[in-house]
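Peer 1: Structure in structure tokens, see below.
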Amino acid sequence: MKRRQFLQTTAVGLSALVFSRAPIRAASTAGRKQPTLVVIFQRGAMDGLAAVQPLDDDNLKRLRPRLAMSRKGRQGETLLQLDGRFGLHPAMAPLAPLFAQKKLAIIHGAGLPIAVRSHFDAQDMMETATPGVKSTPTGWLNRLLAQGLGNGGPFNALALSPDLPRAFHGPQKVLAMEDLRDLARTGARGGPVEAFQALYGEAAEELLAKTGRESLEASRILANLDLEPPGGIDYPSGAPATGLNQVARLIHADRDVSLALIPSGGWDTHINQGAQRGAFSRAAGNFARSIDAFWRDLGKKHQKNVLVLTMTEFGRTVAENGTNGTDHGRGSCFFVLGRKVRGGKVYGEVPKLTEKNLEDGRDLPVTTDFREVLAGAVRDHLKIDYDETLFPNWQGRPLSYLRRS
């Protein structure tokens, strides 16, 4: 193997880690299992009113004659009852039992506290947790690591995505890779790392040290792990399923994972959004099946230490457009899943969808600042007594949707 071939083959693995010049302050984990926060970012702006629809608001049926669904209809076309006030889209049926078991909660009307209709700007502001400021250099998850989270190991902070997400930008080290199997192949016996060392001998150690020994350590650990899902756990294909499966594999292997950020796509439903079938249903079904498979995969042994939190940059217009879709809006809904979630409840406020109650006469208003949801997870799940640098210039309070015992 030539040097150029090696570098091309392993570049994705050896450049995956973003290193800090300052050491991470490790939180004390003596006597307890490391808590894990898994964040799924639904990129493209999920329609919260399609996912979790008010049941008795005739305004929605008037504004969405083709998209609104009924509480009664043919099998597969009926909203799933949640709490008497809201119904869950049938494509998200795998989440309904978790809601009934009070392990899943929904925060409706959540989002940025300012109107931003650009996907890129809204995602940046949400991932930096600085609404109205696009120049913040660090992401909220990277700042969270600096608050004393985790042990600094190679899998402490994971971004299961092709690029390092904005939320993880900053000095603390993060492993960013769409599929950990790519990194595992670099560290396998007879793989590129071993071949390169055989060719270059002692000189290889000096060269590899420059790319980061921890990336090599991670590749060798992964080479000895089975990253395929176990029998009986049916993960769908693609994201977010691949990332969730690999987080589960690391947790089962007793590798500490404090933070994992996983993307979910397909939510920009301007055209052919559909009601029970269409673009929204496809994305929602993949999303729900992925979360359900991950939760069952964890089992009772690991569920108690894991919290899944979903977020999206904004919602969509209350009224449908002329192409059987919806346009960029404001409030949407977040999902939180965990053994300590005070679930079986829809938090937040969704007013009657009359014109006077809609923002700019067209959008579901944001009644819960997204930072309230993030702060609740940090305080009550990760047990981090964070300071003002985590959410700059925010004086709000964490939302209490978790039992604090």
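Peer 1: How big is D for the stretch 31-139, in µm² s⁻¹ as a whole number, if Stokes-Einstein is applied with the Kirkwood radius of its Cα pairs at 4 °C and 1.567 mPa s?
Peer 2: 78 µm²/s
Peer 1: Taking θ = phi - 60°, what integer Hz values does the Karplus form 6.51 cos²θ - 1.76 cosθ + 1.60 yield along the stretch 313-329, in sequence order, with x for Gly and Pro?
Peer 2: My calculation for the stretch 313-329 gives 5, 6, x, 9, 4, 5, 8, 6, 9, x, 10, 6, x, 9, 9, 5, x Hz in order.
Peer 1: Another question about this same structure. Near the amide H of T312, under 5 Å away, which other amide H atoms are found, from residues 5 or more places off or on another chain, if H is placed in the peptide plane?
Peer 2: Under 5 Å from the amide H of T312 lie the amide H atoms of Q42, each far enough along the sequence or on another chain.
Peer 1: Quick one: of K134/K304; K103/K173; K102/K301, which pairs are farther than 26 Å apart, Cα to Cα?
Peer 2: K134/K304; K103/K173
Peer 1: Can you spot the lysines whose alpha carbon is less than 18 Å from K72's alpha carbon? Ignore those fewer than 8 places along the same chain.
Peer 2: The reachable lysines, counting only those whose Cα sits under 18 Å from K72, are K61.
Peer 1: Order 126-133, 106-113 from most to least packed using the mean count of other Cβ atoms within 10 Å.
Peer 2: Averaged packing, sorted descending, gives the order 106-113, 126-133.
Peer 1: Which whole-Hz ³J(HN,Hα) couplings does the stretch 118-130 yield from phi under the Karplus relation 6.51 cos²θ - 1.76 cosθ + 1.60, θ = phi - 60°, glycine and proline marked x?
Peer 2: Running phi through 6.51 cos²θ - 1.76 cosθ + 1.60 with θ = phi - 60° gives 8, 3, 5, 5, 5, 5, 4, 5, 6, 6, 8, 6, 9 Hz.
Peer 1: Along the Cα-to-Cβ line of N357, 7 Å from the Cα, sits a label point; which residues in the stretch 41-67 have backbone N less than 11 Å from it?
Peer 2: Under 11 Å, as judged by backbone N against the label point of N357, lie 54-60 of the stretch 41-67.
Peer 1: At D163 and D234, where each label point lies 7 Å from the Cα along Cα→Cβ, what is the point-to-point distance in nanometres?
Peer 2: According to this spin-label approximation, the distance is 3.6 nm.
Peer 1: Pulled fully out, how much extra length does the chain show between N321 and R66, if you take 0.36 nm times their separation in residues and subtract their Cα-Cα distance?
Peer 2: Length difference between fully extended and current span is 90.8 nm.
Peer 1: Another question about this same structure. Just the Cα atoms of the stretch 118-190, one point each, no solvent: what log10 I(q)/I(0) does Debye give at q = 0.15, 0.16, 0.20 Å⁻¹?
Peer 2: Summing over Cα pairs of the stretch 118-190 leads to -0.56, -0.62, -0.86.
Peer 1: Using the Karplus equation 6.51 cos²θ - 1.76 cosθ + 1.60 (θ = phi - 60°), what ³J(HN,Hα) coupling, rounded to whole Hz, does each residue of the stretch 140-150 give in order, writing x for Gly and Pro?
Peer 2: 5, 6, 5, 5, 5, 4, 6, 7, x, 9, x
Peer 1: Where does the Debye-calculated log10 I(q)/I(0) of the stretch 240-334 sit at q = 0.10, 0.23 Å⁻¹, using only Cα point scatterers of equal weight, no solvent?
Peer 2: -0.35, -1.15
Peer 1: Going highest first, how would you order 371-378, 224-231, 356-363, 134-141 by mean Cβ packing within 10 Å?
Peer 2: So the peptides 371-378, 224-231, 356-363, 134-141, ranked by packing, come out 371-378, 134-141, 356-363, 224-231.
Peer 1: With r defined as the distance between the Cβ atoms of A253 and D83 and R0 fixed at 56 Å, what FRET efficiency is calculated, to the nearest 0.05?
Peer 2: Efficiency for this residue pair is about 0.90.
Each reported figure results from applying straightforward, stated rules to the coordinates on display, with no laboratory input. Computed from a predicted model, the values in this text were never measured in an experiment. Don't worry about glycine lacking a Cβ; one is built from the backbone with ideal geometry, like all the others, and counts go over all protein chains shown.
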